[in-house]
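The values are calculated or read from the model by the stated rules, or taken from the named source; none is laboratory data. In this text the structure is predicted, and so the values were computed from the model without any measurement. Note that each Cβ is placed from the backbone with ideal geometry, even for glycine, and that neighbours are counted across all protein chains shown. Just so you know, the surface numbers come from the protein's heavy atoms only, side chains and all, with ligands and any DNA or RNA stripped out. Shrake-Rupley method; radii C 1.70, N 1.55, O 1.52, S 1.80 Å.
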Amino acid sequence: MLLHAAAAPAAAAPAGAYPPPPLPPHHHHDAAAAGAALPPAPPGPRFRPYASATHHVTKGRYITSNDVRGYIPVYEYPLNGQWIMMDIDDGYILWTGIWKALGNSKADIVKMIDSQPDLAPLIRRVRGGYLKIQGTWMPYEVALKLSRRVAWAIRDDLIPLFG
């Protein structure tokens, strides 16, 4: 019967030798143990819907080539056969959804924007891709101001967006 001999002890490092360099951290736990700062947590959504007892707001994410991100992350809910949407990252509102939920035509949005040239540089137009996200998107504050002017009839239905 063969018996394995115990491993020979490692030879001691010669006097004056440098210790081996520490291994680099492989993941965040190692980095924390090594005293390195952890990367900051990704920020949460900047814009969030207000609570509503009458509307069920959901999150969606729609791929599009019209946006530098390659997609538009949204909070959304249906209203009068239209989708009311808010971009989670920058708060832009799909004005087309509000406008059509009021019973207006898409063509009237062009007339409204043409009558207010100061709006033109603020809006985004999404064309192509998912039908739900196509239309005129505008900053939160601009959409709020316009809604106060023209959307009185659906004011209670816009609570998830504007409170």
Quiz prompt | Kirkwood Rh and Cα Rg combined as Rg over Rh, evaluated for segment 58-161 | solution = 0.92
Quiz item: Contour minus end-to-end for ASN104 and ALA120, with contour as 0.36 nm per residue of separation and end-to-end as the Cα-Cα distance?
Solution: 3.8 nm
Practice problem: May I ask you to rank TRP83, TRP137 by accessible area, largest first, using a 1.4 Å probe over the protein chains only? | Solution: TRP83, TRP137
Self-check item: Label-reachable residues, segment 147-163, where backbone N falls under 14 Å from a point 7 Å from LYS111's Cα toward its Cβ
Solution: none
Exercise. Could you work out the per residue convex hull volume over the alpha carbons of segment 46-119, in cubic angstrom?
Key: 122
Quiz item: With a sphere of radius 13 Å drawn around the Cβ of ALA53, what net charge do the other residues whose Cβ falls strictly inside it have (Lys, Arg +1; Asp, Glu -1)?
Solution: -2
Quiz prompt | Charge-dipole axis of segment 58-161 as Lys and Arg at +1 and Asp and Glu at -1 on Cβ define it, positive-most pick from GLN116, GLY135, PRO160 | solution = GLY135
Quiz item: Considering only DSSP states other than H, G, I, E and B, which trypsin sites (Lys or Arg not before Pro) in segment 85-157 qualify as loop sites with at most 14 other Cβ atoms within 10 Å?
Solution: ARG127
Quiz item: So how exposed is SER52, as accessible area in Å² (1.4 Å probe, rounded to 10)?
Solution: 40
Exercise. Subtracting the Cα-Cα distance from 0.36 nm times the residue separation, let me have the gained length for TYR130 to ARG61 in nm, one decimal.
Key: 23.8 nm
